[in-house]
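Written out below as structure tokens is the structure these notes cover.
Each value in this text was obtained by applying a stated rule to the coordinates, not by laboratory testing. From a predicted model like this one, the values you see are computed outputs, not experimental measurements. Cβ placement follows ideal geometry from the backbone for every residue including glycine, while neighbour counts extend to all protein chains displayed.
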Amino acid sequence: MAAHEPEIKSSVSFIPCFLFVELVLMAGTVILSYHFEYTDTFPVHSQGFFCYDSTLSKPYPGPESSSRVPPRLLYPLITVLPVLTILLGEVSTALINPRWGNREKIISCGDCCFFNPLLRRIVRILGLFSFGLFCTVIFAGAVQTVTGNQAPHFLSVCRPNYTALGCKSHMQYIASPYACSGDPDLINEARKAFPSKPAALGAYAAVYTTMYVTLVLKVKGSRLVKPSLCLAMLSPAWLLCLLRVAEYRNHWRDVLAGTIVGGAIAVFLVTCVLNNFGSSSSEEGDLIEKEQEGVIEDEIPLPTACEKIAVVKVR
């Protein structure tokens, strides 16, 4: 029927805004996150330490590649799983609900350029997810650079000469930037512990995907499917935080701060930018659909006692 066809909205600024604003911002975040992650453009603050500090004397756990959750496993998990979940959710929603297009409009940018509602929604959700990942890397890297908080294994890679430094008590503070004699690269990495970047990325991906499942996906006939999916997506992030602490790569406060950072960025983007994935409009569409199917009947209010008395008096 023509009444159920998606509306066409004409927009002249859609393509220019996408090319010259959104793509430029995305490119800027990618470049900035690359500099924080793989270059020495922003030097890390050299924070001092106390002599014989037991909280910084844990054994060196080895490079990140030897971790139980190495980067080659972490980065695919925080990117592939959310993307697959969102793609399956959007496609299944469009196929199962025939009136899905009623709440989305086709964007027309001339006589030849028409943007499909499903494709536009997928690009919007996944594009913002990617933008949030890079923002999480930038924010965590900026805080690490400014604070320079040491990892639990800092003194194991620093290898300070306590005799030459004149350490006589545990309360003596060493502020010299030349106190370490170990590998400079390992020392530099050991100074970037707060907040934990893997914990922040894991929390961001888990919270973003969990909010998508909670707000968008609808499973009829079962109340345990969605909570089970949400717990299954949150559990790897929790396990990652525990492993970071157990392997002496981060303090508990580092992973807690990283979790808060990643979760806060995900909640902000979903609620303030995506408007909860448009769940309010979808709920209105479901109500309209139920009304059209006759599931929701119009309620006729019964006359009150005062109205009955007024009718008797008029008669």
Rounded to whole Hz, the Karplus (6.51, -1.76, 1.60) HN-Hα couplings of the range 155-161, x for glycine and proline: 5, 6, 9, 6, 6, x, 8
Shape call, the range 13-88: gyration tensor on alpha carbons, a/c limit 1.5: oblate
Listed residue (Pro184, Tyr173, Pro195) projecting farthest to the positive dipole end of the range 126-228, Cβ model: Pro195
Under the Karplus curve 6.51 cos²θ - 1.76 cosθ + 1.60, θ = phi - 60°, whole-Hz ³J(HN,Hα) for the range 227-234, x wherever Gly or Pro sits: x, 5, 5, 5, 5, 5, 7, 7
Amide hydrogen neighbours beyond the local backbone of Asn149, cut-off 5 Å, H modeled: Ala193, Phe194
Interchain or long-range residues, amide H under 5 Å from Ile174's placed H: Phe49, Phe50, Cys51
For q = 0.15, 0.20, 0.29, 0.31 Å⁻¹, Debye-computed log10 I/I(0) when each Cα of the range 219-268 counts as one equal scatterer: -0.53, -0.76, -1.04, -1.09
